[in-house]
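Notes follow the structure.
The values are calculated or read from the model by the stated rules, or taken from the named source; none is laboratory data. Bear in mind that the values here come from a model prediction, so they are computed numbers and not experimental data. Note that we place each Cβ from the backbone using ideal geometry, even for glycine, and neighbour counts take in every protein chain shown. Please note that ligands, DNA and RNA were not included when accessible areas were found on the heavy atoms of the full protein model with its side chains. Shrake-Rupley method; radii C 1.70, N 1.55, O 1.52, S 1.80 Å.
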Amino acid sequence: MDSKKRTCVKECKNTGVIGSNIISHCQSQENDSTSAGSSWYTQEPLYMQWKHQSCMSDCRYYCMIRREEERQLGGLSPVKYHGKWPFKRVSVFQEPLSAALSALNLLTHFIGWLSFFLQVNYRLPLRPQTKRTYYEYTGLWHIYAILSLNAWFWSTIFHTRDIDLTEKLDYSSAVAQLGYSLILTLLRTFNVKDEAGRVMFAAPILAFVTTHILYLNFYELDYGWNMKVCVAMGVVHIVAWTTWAVVTHHPSRFKVWIVIFGGALAMLLEVYDFPPYKGYADAHSLWHASTIPLTYLWWTFVRDDAEFRTSTLVKKVTQAE
């Protein structure tokens with residue numbers, strides 16, 4: 001934060017006025033909910049804290065906007081403030097485009113999972129004795145859906161209100177979902193069906209992912225290290241599914257190719273960061289947009305895989321009889 005913005009924030013906290021903006025809950029510096037030692041009756045209401053419209057946060061936001069306008073008039077490009085690009089708020093949404101696209105990803109995953117659930121339980125034949133699905137990976141895909149829904153839920157909340165708690169929940173949920181996806185990828189591409197084999201694949205990845213999440217939450221939220229870990233897991237995803245798509249004769253392998261190619265291009269948006277266009281669309285929000293069609297196509301592949309495996313197993317049972 002440069003000296004001009006620092007001075008602006010200090011004056012804003014003292015006066016509650018910045019330009020034409022009057023911050024009603026910034027009556028005095030002591031009333032800021034972040035002030036140490038303040039009494040409970042001088043702090044802001046909980047709903048104001050949740051909306052993250054404290055004296056300090058609003059002063060930082062409006063001073064950032066004013067400073068960026070000054071830089072723009074001087075022909076300078078946007079810079080990050082407190083590690084974040086200068087986004088323009090819309091109502092209560094701090095990053096409106098990313099929040100909206102995260103919500104659409106959440107909806108897409110829910111629709112995909114619901115269609116998969118209905119297919120394996122009501123449209124495909126069940127095992128006569130146990131009434132369970134023939135598809136060996138049904139339970140694993142259900143867990144994948146739950147973790148995906150959780151990750152995109154917290155992504156929506158985080159892009160709506162960027163505070164320490166929502167940031168950690170977003171990063172932790174994303175890493176958990178990515179780590180589990182890696183486990184599921186290896187189990188499906190290597191066609192691991194027995195419980196002992198699945199545990200051997202899952203145990204080291206679970207241990208690493210758990211350690212990484214604990215590191216982010218209780219030691220240091222290292223953005224650079226977290227990006228490297230996520231990219232590494234993403235590369236293993238791509239290599240595993242690419243190899244599987246090459247050697248398999250699966251009727252829907254072309255969908256895997258599309259998701260692999262699209263996912264690789266989308267990953268570049270996470271690596272290549274650029275300022276938000278018009279204060280709204282940055283590389284991260286475009287990545288959110290790219291994952292929506294890929295998610296829809298991915299769930300259609302999962303349904304195809306369930307149908308293909310069920311058909312194969314039913315034929316084997318019929319032939320054995």
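Please give the number of the condition N21 fails out of (1) buried (at least 17 other Cβ atoms within 10 Å of the Cβ); (2) within 25 Å of Y277 (Cβ to Cβ); (3) modelled with pLDDT under 75.
(1) is the only condition that N21 fails.
In the set A281, A306, which member is of a type in the set (A, V, I, L, M), more than 13 Å from L124 (Cα to Cα) and in contact (Cβ under 8 Å) with a residue 60 or more places away in the chain?
Details: A306 fails: more than 13 Å from L124 (Cα to Cα).
Residue meeting the stated conditions: A281.
Hey, can you tell me all the residues within region 238-253 that are surrounded by 16 or more Cβ atoms within 10 Å (Cβ to Cβ) and touching a residue at least 40 places away in the same chain (Cβ under 8 Å)?
Within region 238-253, A240, W241, W244, H250, S252 qualify.
So, F158, is that one within 27 Å of L216 (Cβ to Cβ) and touching a Gly at 6+ places or on another chain (Cβ under 9 Å) or not? So that I can check it myself, show each step before the final result.
Numbers: within 27 Å of L216 (Cβ to Cβ): yes; touching a Gly at 6+ places or on another chain (Cβ under 9 Å): no.
Considered against the rule, which asks whether it is within 27 Å of L216 (Cβ to Cβ) and touching a Gly at 6+ places or on another chain (Cβ under 9 Å), F158 comes out as no.
Please enumerate the residues belonging to region 201-218 that are of a type in the set (A, V, I, L, M, F, W, C) and open to solvent by 60 Å² or more (accessible area, probe 1.4 Å). Let's see the steps before the verdict.
Step one: of region 201-218, the residues of a type in the set (A, V, I, L, M, F, W, C) are 201-203, 205-209, 213-214, 216, 218.
F201, L206, F208, L214, F218, listed by residue number.
If you check K168, K193, which single one turns out to be of a type in the set (K, R), outside any helix (DSSP H, G or I) and touching a residue at least 24 places away in the same chain (Cβ under 8 Å)?
On the way: K168 fails: outside any helix (DSSP H, G or I).
Every option except K193 fails the conditions.
Among the residues of region 254-282, write down those that are surrounded by fewer than 17 Cβ atoms within 10 Å (Cβ to Cβ) and among the charged types (D, E, K, R).
E270, D273, K278
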